[in-house]
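Read the figures in this text as sums done on the coordinates, not as results from a lab. This structure is a prediction, so every number in the text was calculated from the model and none was measured. Cβ atoms come from the backbone with ideal geometry, glycine included; neighbour counts cover every protein chain shown.
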Amino acid sequence: MLSRRNAMFAASGFIAIALAPRLSFAEAATATTSAAVGPFSLEPLPYPANALEPFIDARTMELHHDQHHAAYVSNLNAIVKDHPQIVDMAPLDLLENLASLPDSIRTGVRNNLGGHANHTMFWTVMKAGGGKPSGQLAAAIDRDLGGMEMLTSDFNEAGGRVFGSGWVFVTVAPDGKLAIETRPNQDSPLMDGKRVLFGNDVWEHAYYLNYQNRRADYLKAWWNVANWTEIGNRYAAARAGTLAF
Ligand code: MN3
């Protein structure tokens, strides 16, 4: 059963990620049934599962969202059941203050809220025919990352170097400076007080059905579905201090 505060907490999560043109509140409220009941909820994909083909296949998207992401949400709600006090903190505050959590749940929150944050970002920064960076974002990419060609090759190389499971991100510092960074497992630059402009999931579950062990091919293909409108919105929000997940 949702307390009023928990319901508001869930709603605040939606506000924090509402930069993408996505679900209305009413729609979002009904879209939470696939994960265990609790303050954390799984939004549906913002496009059909086959929308990113041939670069990411529908079955991979279904498993990735409906099973993997759903499991992080469900695990979080299981943690909240025994530790309801954690919803007194906003999700972003939790990620930035993992050290303040009891030992018994710190790793669970780190892995599962990290996974929830990473995947919530991931779905929104992709779309079919995602365009190109423009305006201030394009200028920042030129200034900090040496332009699109260098960004693409450095990002792919960094993603290829992640040992085992993890992520490759472009982060935004408070002054707007961009950087390529990797993290293991479901860790997030949010845990270090940074903001994520976008990131790519290099866990095998993100690509193995279609690309098998060819992570480099997946990384290369992924740029075809980078959603530059949304990434531009995220850059503006990061500069304005309003970007959360
Ligand atoms: Mn994943």
Q. Do the sum for the chain: with -39,500 (n - 2.57) for every DSSP H run of n ≥ 4, divided by all residues, what is the mean residue ellipticity at 222 nm, to the nearest 500 deg cm²/dmol?
A. -14000 deg cm²/dmol
Q) Amide H neighbours of Leu197 under 5 Å, counting only residues 5+ apart in sequence or on other chains, H built in-plane at 1.01 Å? A) Val170, Thr171, Val172
Q.
I need two numbers for the chain: Rg to one decimal and Dmax as a whole number, Cα atoms only, in Å.
A. 17.2, 51
Q | region 27-146: C-alpha gyration tensor shape, a/c 1.5 cut-off, then a/b vs b/c | A | oblate
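Around Ala49, with a cut-off of 12 angstrom between Cβ atoms, what is the net charge of the other residues, counting Lys and Arg +1 and Asp and Glu -1? Please report the intermediate quantities before stating the final value.
Details: positive: Arg59; negative: Glu53, Asp57, Glu62, Asp66.
Combined, the nearby Lys, Arg, Asp and Glu give -3.
Using a/c under 1.5 as the rounded threshold, could you call region 71-113 rounded, prolate or oblate? The axes a ≥ b ≥ c are square roots of the C-alpha gyration tensor eigenvalues, and prolate needs a/b larger than b/c, oblate otherwise.
Rounded.
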Q: May I ask you to compute the full-extension gain from His205 to Lys81, defined as 0.36 nm times their residue separation minus their alpha-carbon distance, rounded to one decimal in nm?
A: 41.8 nm
(Q) What's the ranking of 164-173, 83-92 by average number of surrounding C-beta atoms within 10 Å, highest first? (A) 164-173, 83-92
Q.
What is the angle, in °, between the Cα long axis of helix 228-240 and the longest principal axis of the Cα atoms in the chain? Nearest 10 is fine, range 0 to 90.
A. 60
Q. Each residue of region 139-148 in turn: what ³J(HN,Hα) in whole Hz from Karplus with 6.51, -1.76, 1.60 and θ = phi - 60°, glycine and Pro shown as x?
A. 5, 5, 5, 4, 5, 9, 10, x, x, 5
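Any chance you could count the Lys pairs in the chain whose alpha carbons are under 22 Å apart, treating pairs 8 or more apart or on different chains as valid? Don't skip to the answer; put the middle values down first.
Numbers: Lys127/Lys220; Lys132/Lys177; Lys132/Lys220; Lys177/Lys194.
Lysine pair count for the chain: 4.
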(Q) Using a Förster radius of 25 Å, what is the FRET efficiency between Ala139 and Trp223 based on their Cβ-Cβ separation? Nearest 0.05, please. (A) 0.85
Q) At what distance in nm do the modelled label points of Thr242 and Met148 sit from each other, each positioned 7 Å from its Cα along Cα→Cβ? A) 2.7
